[in-house]
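Undergrad: Okay, handing you the structure first.
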Amino acid sequence: MPSFKGQYEHSVDAKGRVAFPAKMRKSLNPSAQERFTIVRGQEKCLYLYPENEWENVEKKLSRINNFTKKGRLAKRNFLRYAEDLSLDKQNRLALPSSLMEYADISEKAVFVGLSEYIEVWDPRVLAEMDENLDEDTFNATFEQVMSVETEITDD
């Protein structure tokens, strides 16, 4: 199964439309039918899920207990900003203005493949994240997550 990988930068027009990277389009599962769900990311970026992958996210969300405060908080603050998108005839996505504002996306957007979904960043914000990345910390974290066969959770 093809996965999303790589980094691609595209201009954003005045209407918030941005070209979806051609190499990533080739990795789209046909069952996604060029439809996506976009949500706020956990960092100052957006998460873009193809429809078939969003279905997996919804399955996980459906298992969250709505009768707990943490469950409601997690679902509310993840789903309240979710919007469905489709590629237009020019293979562009119209990014919602509220989500663009959240991620500080204005003139350009960087698409970063994360296997089953895509992060969308403003290039300046991503550059700041990269500048603040300590190589030793990254290497230690990478080694830790790659050596564990179970699901990783934040400590």
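Undergrad: Reachable aspartates and glutamates from LYS5, Cα under 20 Å, same-chain residues fewer than 8 places away excluded?
TA: GLU34, GLU43, GLU51, GLU53, GLU116, GLU119, ASP122, ASP130, GLU143
Undergrad: Given the range 37-105, report the % of alpha carbon pairs whose separation exceeds 19 Å.
TA: Cα-Cα pairs of the range 37-105 separated by over 19 Å account for 39 percent.
Undergrad: Along the range 132-140, what does the Karplus equation 6.51 cos²θ - 1.76 cosθ + 1.60 (θ = phi - 60°) give for ³J(HN,Hα), rounded to whole Hz, x for Gly and Pro?
TA: Running phi through 6.51 cos²θ - 1.76 cosθ + 1.60 with θ = phi - 60° gives 8, 7, 7, 4, 5, 5, 4, 4, 5 Hz.
Undergrad: Please give the calculated 222 nm ellipticity per residue for the chain, where each DSSP H segment of at least 4 residues contributes -39500 (n - 2.57) and the sum is spread over every residue; nearest 500 deg cm²/dmol?
TA: Rounded to the nearest 500, the figure is -10500 deg cm²/dmol.
Undergrad: Setting aside same-chain residues fewer than 8 positions from LYS89, which lysines have a Cα under 18 Å from its Cα?
TA: Leaving aside lysines fewer than 8 places away in the same chain, those within reach of LYS89 are LYS15, LYS23, LYS26.
Undergrad: Could you please report the charge total around THR37, scoring K, R as +1 and D, E as -1 over all other residues with beta-carbon less than 15 angstrom from its beta-carbon?
TA: Here the charged neighbours net out to -3.
Undergrad: Semi-axes of the chain's equivalent ellipsoid from the Cα gyration tensor, sqrt of 5 times each eigenvalue, largest first, rounded to whole Å?
TA: 24, 21, 17
Undergrad: Which of the GluC sites (Glu not before Pro) found in the range 33-113 are loop residues per DSSP with 16 or fewer other Cβ atoms within 10 Å of their Cβ?
TA: For GluC sites (Glu not before Pro) across the range 33-113 that sit outside H, G, I, E and B with at most 16 neighbouring Cβ atoms in 10 Å, the list reads GLU34, GLU43, GLU107.
Undergrad: Using a Gaussian network model of the chain whose springs link C-alpha atoms within less than 10 Å, name the residue from THR37, THR137, THR68 with the highest mean-square fluctuation.
TA: It is THR137.
Just so you know, all these numbers are worked out from the coordinates, no wet-lab data involved. Please read all numbers here as calculations on a predicted model, not as lab measurements. Note: ideal-geometry Cβ built from the backbone for every residue, glycine included; neighbour counts use all protein chains shown.
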